[in-house]
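All remarks here apply to the structure that follows.
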Amino acid sequence: MRNRIDDFVLGSMTPDERATMELARRFDPELDQGIRDAEDSMAALSVAAGELNPSPGLWNRIRAAIDEQDEAMENRTLVELGDGDWQPMEPGIDSKLLWNEKTIMLRCAPGAVIAGHFHDEDEHLLVLAGDLVIGNRTFLAGDYIHSGKGFDRFVHTTRSGCLILQQLGQ
């Protein structure tokens, strides 16, 4: 895996390989940390590469792009996936609260398992990325699962890792 991380950081992957790695790091905290560590360790390479003189007008284009982004984000709350307070829930599964205590993001590493569990309220799951397996049924990105209040005896697992939005109650 270390070679794949180095290839990612150095930019030597194909666009498809890079997109696959970007997706995988979103729900695999160990992979994400490995990439961050490699980026930190290779930062000195950018200094060794030397300097280039920027093209005329570059600063004006950068300023215009920043101003446009600031305007687009006005009156919005933005929390990127890696931000926030991720808490360990089960081995290989982290969770963080979103806009209220009943709306949770779950980040599950490949092979992670949630054993049978009790729901105090209805549970709504939306698979955002990866795969979620309940019983023998595999759910993929965009699939929605509603589970009623009570004991859910079926193991929930993931083969490749997943990112899930969980809403409890109505």
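May I ask you to list the residues in segment 6-58 that are polar (S, T, N, Q) and more than 18 Å from the chain's Cα centre (by Cα)?
Scanning segment 6-58 gives Ser12, Thr14, Ser41, Ser46, Asn53, Ser55.
Anything in segment 114-134 that is open to solvent by less than 40 Å² (accessible area, probe 1.4 Å) and either on the phi > 0 side of the Ramachandran plot or within 24 Å of the chain's Cα centre (by Cα) (or both)? List them, or say none.
Passing the criteria: Ile114, Glu123, His124, Leu125, Val127, Ala129, Gly130, Asp131, Leu132, Val133, Ile134.
Mind listing just one residue for me: the one in segment 71-99 that is assigned to a strand (DSSP E or B) and aliphatic (A, V, I, L, M) and, of those, surrounded by the most Cβ atoms within 10 Å (Cβ to Cβ)?
Ile93
Looking only at residues that are more than 23 Å from Asp83 (Cα to Cα) and of a type in the set (A, V, I, L, M) in segment 135-153, which one is surrounded by the most Cβ atoms within 10 Å (Cβ to Cβ)?
Only one residue fits best here, namely Ile145.
Would you please name the residue that is nearest to Leu128 (Cα to Cα), looking only at residues in segment 1-37 that are among the hydrophobic types (A, V, I, L, M, F, W, C) and either surrounded by fewer than 17 Cβ atoms within 10 Å (Cβ to Cβ) or free of Cβ contacts under 8 Å to residues at least 24 places away in the same chain (or both)?
That would be Leu23.
Can you name the residue in segment 42-70 that is among the aliphatic types (A, V, I, L, M) and assigned to a loop (DSSP other than H, G, I, E, B) and is also nearest to Arg2 (Cα to Cα) among such residues?
The extreme case among them is Met42.
The values are calculated or read from the model by the stated rules, or taken from the named source; none is laboratory data. Note that the coordinates shown come from a computational prediction; the quantities given were computed from them, not determined experimentally. Cβ atoms come from the backbone with ideal geometry, glycine included; neighbour counts cover every protein chain shown. With ligands, DNA and RNA removed, areas are computed over all heavy atoms of the protein, side chains included. Shrake-Rupley method; radii C 1.70, N 1.55, O 1.52, S 1.80 Å.
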